[in-house]
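Novice: The following block contains the structure, expressed as structure tokens.
The values are calculated or read from the model by the stated rules, or taken from the named source; none is laboratory data. Only a predicted model underlies this, so the values are computations on that prediction, with no experimental measurement involved. Here the Cβ is made from the backbone with ideal geometry for all residues, glycine too, and neighbour counts use every protein chain on show. Note: accessible area is taken over every heavy atom of the protein model, side chains too, but ligands, DNA and RNA are not part of it. Shrake-Rupley method; radii C 1.70, N 1.55, O 1.52, S 1.80 Å.
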Amino acid sequence: MRATAGFVEVYGEKPAGVWAAPGRVNLIGEHTDYNDGFVLPFALPRRTVVAAAPDPGRRWTVWSEQAGERVSFGRADAAEPGRVTGWAAYVAGVVWALREADLDVPVARLAIASDVPLGAGLSSSAALEAAVQAALLDLGDLDVPVAQRPRLAQQAENGYVGAPTGIMDQSAVIRCRAGQALFLDCRSLAVEHVPFDLDAAGLAILVIDSRAPHRHVTGEYAARRAACEYAAAALGVPALRDVTIDDLDAALARLDDPVVRRRVRHVVTENHRVCQTVDLLRAGRLAEIGPLLTASHASMRDDFEITVPEVDTAVEAALAAGAYGARMTGGGFGGCVLALVDAAAADTVASAVARAYAERGFATPECFTALPGPGVERLG
Ligand code: GLA
């Protein structure tokens, strides 16, 4: 991690502190967050690190190792959504959201380095938001309870950057704990830290970056969200979370549009699968969640229609090579697949996926295994 060294090089002084926030994978519960439903993400060991110090001047300055550039912005830029663009918009957005909440955000200089892959659906943007937010709150001695921080980070993305995403990613990167998955009720924001000790069970989560080019992601995401909101209104419920698995058939019978019916079926069955997964994890029956993961993938492929050939291929190849279960994780249209495997079989499964990709002429996927790591923290 080069955030501290980068800070010294760029600003010619030592930082006042260093903060780190992880990327995340979602074990199960996709496109349920903005339906007030349930999700079960865990934090990755890969992180975005921010070294920072107060700045006596009037402009925030941010250097990013990945982008290889330094950007600065003033109060007026941070007051008007959209004025700062590109990667630095996430930083300006955090300043904007904190100031909208009437917090006296300190002007600061920051240096950022990260090994969270960009654009792979592993929440590199939430990691950046959470690390910058933690740095600014600490530098300003601003006391914001941890339960309120994800919402403020989400506002940076929704209100400043303009992406209509839910609360999952920011909750995951801020509230996750090592060795545990985060069972989040996206309506009440209540959390339960569910034991997820893969090591002790001799298991591993293999993360496969499909490297599929993202196609129309923002538009398709917004369209899925709109279909869900339309369905909830048609059914007379505040959100699809209020349709239970037992109500599903009756609800589907009241909807005319076959596409909307499929979207509803995904959300309702997915919420149910999250709860079933949590029950199994609470009972320490980790390998048994496999079929739920695979069913989640089928639901995303057939009902929510957010998968692409690369991720379907990765799931099929992982299952054929002996994975207990596999599914795409994240918003869809590319991104990563996760497979639950015996730890000893991780390399074999990764090779099987690479072979299946080569046969279809897809770019070689990148694979790594991941144990649940900690959420955002101060490193020094
Ligand atoms: C993206 C969004 C999240 C969530 C997922 C799908 O990651 O940022 O809020 O909606 O897609 O589960």
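Novice: Apply the a/c threshold of 1.5 to the C-alpha gyration tensor of segment 140-185 and tell me whether it is rounded, prolate or oblate. Walk me through the numbers before you get to the answer.
Specialist: Working: a/c = 2.55, a/b = 1.22, b/c = 2.09.
Oblate, because a/c is 1.5 or more while a/b does not exceed b/c.
Novice: By the scheme Lys and Arg +1, Asp and Glu -1, what is the net charge of all other residues having a beta-carbon under 15 Å from that of THR294?
Specialist: Once positives and negatives cancel, what remains is -4.
Novice: Rg/Rh for segment 255-380: what does it come to with C-alpha atoms and Rh from Kirkwood? Could you put the intermediate results ahead of the total?
Specialist: Values: Rg = 16.0 Å, Rh = 15.8 Å.
Here the Rg-to-Rh quotient is 1.01.
Novice: Report relative contact order for the chain in percent, whole number only (criteria: Cα-Cα under 8 Å, sequence separation at least 6).
Specialist: 24 percent
Novice: Please work out whether segment 306-369 counts as rounded, prolate or oblate from its C-alpha gyration tensor, where a ≥ b ≥ c are the square roots of the eigenvalues and a/c under 1.5 means rounded, while otherwise a/b larger than b/c means prolate and anything else oblate?
Specialist: It is oblate, given that a/c is not under 1.5 and a/b is not larger than b/c.
Novice: So if the hydrodynamic radius of the chain is defined as the Kirkwood radius over C-alpha pairs, what does Stokes-Einstein give as its diffusion coefficient at 4 °C and 1.567 mPa s, in µm² per second? Each step should come with its number before you reach the end.
Specialist: Details: Rh = 21.2 Å.
Rounded, D is 61 µm²/s.
Novice: 7 Å from Cα along Cα→Cβ at both ALA178 and ALA5: what's the point-to-point distance in nm?
Specialist: Result for the modelled spin labels: 2.4 nm.
Novice: How many angstrom lie between the Cα centre of segment 135-177 and the Cα centre of segment 320-380?
Specialist: So the separation of the two Cα centres works out to 27 Å.
Novice: Go through ALA163, PRO81, LEU182 and say which Cα lies farthest out towards the positive end of the charge dipole of segment 79-183; charges sit on Cβ, +1 for Lys and Arg, -1 for Asp and Glu.
Specialist: LEU182
Novice: Here's another thing I want to ask about it. Which of the three applies to segment 114-195, rounded, prolate or oblate, going by the alpha-carbon gyration tensor with a ≥ b ≥ c and a/c under 1.5 meaning rounded?
Specialist: It comes out rounded by the Cα gyration axes.
Novice: Leaving out ligands, DNA and RNA, and with a 1.4 Å probe, what % of the accessible surface on segment 1-72 is carbon or sulfur?
Specialist: Ligands and nucleic acids excluded, carbon and sulfur reach 45 percent.
Novice: Counting only protein heavy atoms and using a 1.4 Å probe, what share of the accessible area of segment 169-306 belongs to carbon plus sulfur, as a whole percent? Mind showing how you got there, number by number?
Specialist: On the way: 2970 of 5920 Å².
Of all accessible area on segment 169-306, carbon and sulfur atoms account for 50 percent.
Novice: If you put +1 on each Lys and Arg Cβ and -1 on each Asp and Glu Cβ, how big is the dipole of segment 59-176 around its Cα centre, in Debye rounded to 20?
Specialist: 120 debye
Novice: GNM, the chain, Cα, under 10 Å: largest mean-square fluctuation among SER123, SER296, SER64?
Specialist: Maximum among the listed residues: SER64.
Novice: For segment 193-298, what is Rg from Cα atoms divided by 2.2 N^0.38 Å, rounded to two decimals?
Specialist: 1.30
Novice: Return, ordered by residue number, the residues of segment 355-380 whose backbone nitrogen is under 13 Å from a label point located 7 Å along Cα→Cβ of ALA320.
Specialist: Within reach of a label on ALA320: 355-361.
Novice: Length gain on complete extension for the stretch ALA67 to ARG187, per 0.36 nm per residue less the alpha carbon to alpha carbon distance? Let's see the in-between values first.
Specialist: Values: separation 120, 0.36 × 120 = 43.20 nm, distance 3.57 nm.
Contour length minus Cα-Cα distance gives 39.6 nm.
Novice: Ok, one more. Ranked by accessible surface with a 1.4 Å probe, highest first, in what order do HIS272, HIS266 come?
Specialist: Result of the area sort, largest leading: HIS272, HIS266.
Novice: Next question, about the same structure. Provide the per residue accessible area, probe 1.4 Å, for segment 179-231, rounded to a whole number of square angstrom. The partial results should precede the final answer.
Specialist: Values: 2330 Å² over 53 residues.
Value for segment 179-231: 44 Å² per residue.
Novice: Please arrange THR165, THR48 by accessible surface area, largest first, computed with a 1.4 Å probe and ligands excluded.
Specialist: Largest to smallest exposure gives the sequence THR165, THR48.
Novice: Sticking with this structure for a sec: Per residue, how many Å² of accessible area does segment 247-380 show with a 1.4 Å probe?
Specialist: 40 Å²
Novice: Express the C-alpha Rg of segment 24-138 as a ratio against the empirical globular expectation 2.2 N^0.38 Å, rounded to two decimals.
Specialist: Details: Rg = 15.0 Å, N = 115, 2.2 N^0.38 = 13.4 Å.
This ratio for segment 24-138 stands at 1.13.
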